[in-house]
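Below is one structure, written out as structure tokens, with a few remarks after it.
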Amino acid sequence: MNLAYIPSPAAGEIHLGPIPLRGYALCIIIGVFVAVWYGNKRWIARGGKPGTVADIAVWAVPFGLVGGRLYHVITDYQLYFSEGKNWVNAFKIWEGGLGIWGAVALGAVGAWIGCRRRGIPLPAWADAMAPALVIAQAIGRWGNWFNQELYGRKTDLPWALEITKGDEAGFYHPTFLYESLWCLGVAAVIVWADRRFKLGHGRVFALYVALYCAGRGWIEYMRIDDAHHILGLRLNVWTAIIVFVLAAVYFVLSQRLRPGREQTVEPDREGAEAESEAAEAADAADGDEEAGAKAPGGTAGKGATTDLDKDRTQDVQDVQDGAGSAKKI
């Protein structure tokens, strides 16, 4: 019997009066708000404008939630589509089940759309958001504690997690806590590296991905929940290895091709509009001058008109002289 351990909550929801609030959903919501707040501070510090992070998050967050849920349902389809399972449960996101790989991948698509609408380079925005995202992950992992899920092997360590529900009641490695602490460590490292080496062009984000994958690999290896295996390793371990390699390659190539940090991360919209209006006004003025030069009222036009009037007057005089000669004859 363990004398010291981490107790699990008796229920996975908190009641605010008559309104039940799922602990898992609460952790996700808190994580999103913290990410937007901290990401906004970093974006402003890098030369961006207040409110831009929130505007882009409107696109990134829904895409990320959908992507995270899709990855979970696809990789654990047996939980929802096997015999005796109810496929409707695949939509019950509040019961847990978000794959970080799908959340980041599809969330990046949403962020790209938001950045493109504002004329912002996605790598610069991702660099500002990287520490904020990993802190949000650290907060979100506590949702697994509320649901008593995704724990590791049995242990008698003082920080063992007590599981009280189901047939597996006992004490286990709190892998949710390991990952939460690892994410906070990753946040500290990438903030330090960003300040020390002036990282830019997506390298802060790549460092975050690589470091997270390094930790996720050994934490995933400790878990005992059902998962697909390939060559003896869990699917998510292979995913962590592959994504780690891709992030490392991007970091190295980016450093060689685009060293340093972006000088401008967000264009000055007001300045750009003023310059555009000034250019349009200058073009309009040039057009008026050209039209005036060609028009009868213009300087050149007046000279042309005078010559034409002289020619017409001479023609009239010639006609009159011809008529007079005819009468005399």
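The values are calculated or read from the model by the stated rules, or taken from the named source; none is laboratory data. Predicted model only: the values in this text are computed from it and were never measured. Cβ sites come from the backbone with ideal geometry, for glycine too, and all protein chains shown count toward neighbours. Accessible surface areas use protein heavy atoms only, side chains included; no ligands, DNA or RNA. Shrake-Rupley method; radii C 1.70, N 1.55, O 1.52, S 1.80 Å.
Taking segment 62-92 as the range and being surrounded by fewer than 19 Cβ atoms within 10 Å (Cβ to Cβ) and under 22 Å from Ala111 (Cβ atoms) as the test, the residues that pass are Pro62, Val66, Leu70, Ile74. Among residues belonging to segment 35-61 that are in contact (Cβ under 8 Å) with a residue 40 or more places away in the chain, buried (at least 16 other Cβ atoms within 10 Å of the Cβ) and aliphatic (A, V, I, L, M), point out the one that is nearest to Arg118 (Cα to Cα). Within segment 35-61, the match that is nearest to Arg118 (Cα to Cα) is Ile56. Take the conditions (1) open to solvent by less than 30 Å² (accessible area, probe 1.4 Å); (2) modelled with pLDDT under 95; (3) closer than 23 Å to Ile44 by Cα; Arg223 misses just one of them, which is (3).
Look at segment 64-80: where a residue is without any contact (Cβ under 8 Å) to a residue 12 or more places away in the chain and a partner is in a helix (DSSP H, G or I) and open to solvent by 70 Å² or more (accessible area, probe 1.4 Å), sitting 6+ places away or on another chain with Cβ atoms under 9 Å, you get Tyr80/Trp87.
Here is the figure for segment 209-258: residues that are of a type in the set (Phe, Trp, Tyr) and closer than 19 Å to Gly68 by Cα total 3. Against the definition (of a type in the set (A, V, I, L, M), closer than 19 Å to Gly64 by Cα, part of a helix (DSSP H, G or I) and touching a helix residue (DSSP H, G or I) at 6+ places or on another chain (Cβ under 9 Å)), how does Ala187 come out, yes or no? No; evaluated as a whole, the condition is false for this residue.
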